[in-house]
Amino acid sequence: MGSPVKALIYCDRCADQIVSKDDLVTVLQWPGLVGAFHVRCYGERARGGNPARTPLNSQAVIWLMIVFSLLCLGGFLFYTPSLVWIILALIIPMLRLSSWLLIERKIS
Ligand SMILES: [Zn+2]
């Protein structure tokens, strides 16, 4: 109702439109940075010999982000107060953010 027209997101495997966030898996890939798949297509792709990559929009990535940030904070506090730790800690959140910016926010 009056919402702006969303950009269409197509599955990188079967080229059909992805209409629901529940049916969306985003993974890190080149050259487009973030690839979008149907849940079903992601499963079939993972089985078809391609190495299964961790979906960016999964719970696992949230945990990875927390654990990795804590490790980097530890390195910063107890090893050496270097900017490198901050940059390392930001990598996963940045990837998560690009997944959202490029794909997820376009699907209502
Ligand atoms: Zn598909």
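The values are calculated or read from the model by the stated rules, or taken from the named source; none is laboratory data. The model shown is predicted, which means the values in this text are computed figures rather than measured ones. In this analysis, Cβ positions are derived from the backbone assuming ideal geometry, glycine residues included, and neighbour counts consider all displayed protein chains. Accessible surface areas use protein heavy atoms only, side chains included; no ligands, DNA or RNA. Shrake-Rupley method; radii C 1.70, N 1.55, O 1.52, S 1.80 Å.
Structure data summary
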| read-out | value |
| --- | --- |
| For the range 56-70, 3J(HN,Hα) per residue [Karplus equation, 6.51 cos²θ - 1.76 cosθ + 1.60, θ = phi - 60°, Hz, x = Gly/Pro] | 6, 9, 10, 4, 3, 5, 4, 5, 4, 4, 5, 4, 5, 5, 5 |
| Extended-chain gain in nm, criterion 0.36 nm per residue less alpha-carbon gap, LEU90 and ARG105 | 3.4 nm |
| Accessible-area order (highest first, 1.4 angstrom probe) of the listed residues LYS21, LYS106 | LYS21, LYS106 |
| Cα-only radius of gyration and Dmax that characterise the range 21-106, units Å | 15.1, 45 |
| Amide N of the range 90-108 lying under 19 Å from the label point, which is placed 7 angstrom from the Cα of VAL67 along Cα→Cβ | 90-96 |
| For the range 21-106, with +1 on Lys and Arg beta carbons and -1 on Asp and Glu, the positive-most of ASN57, TYR42, TRP85 along the dipole | TYR42 |
| The range 91-97 - phi-based ³J(HN,Hα) in whole Hz, Karplus 6.51/-1.76/1.60, Gly and Pro as x | 4, 5, x, 5, 5, 4, 5 |
| Per residue accessible area of the chain, 1.4 Å probe, in Å² | 68 Å² |
| Fraction of accessible area attributable to carbon and sulfur, the chain (%, probe 1.4 Å) | 67 percent |
| Other-chain or far-sequence residues with amide H under 5 Å of GLN29's (modelled H) | VAL34, GLY35 |
| Phi-based couplings in Hz for the range 21-33 (Karplus 6.51, -1.76, 1.60; Gly and Pro marked x) | 5, 5, 10, 10, 10, 10, 10, 6, 7, 9, x, x, 6 |
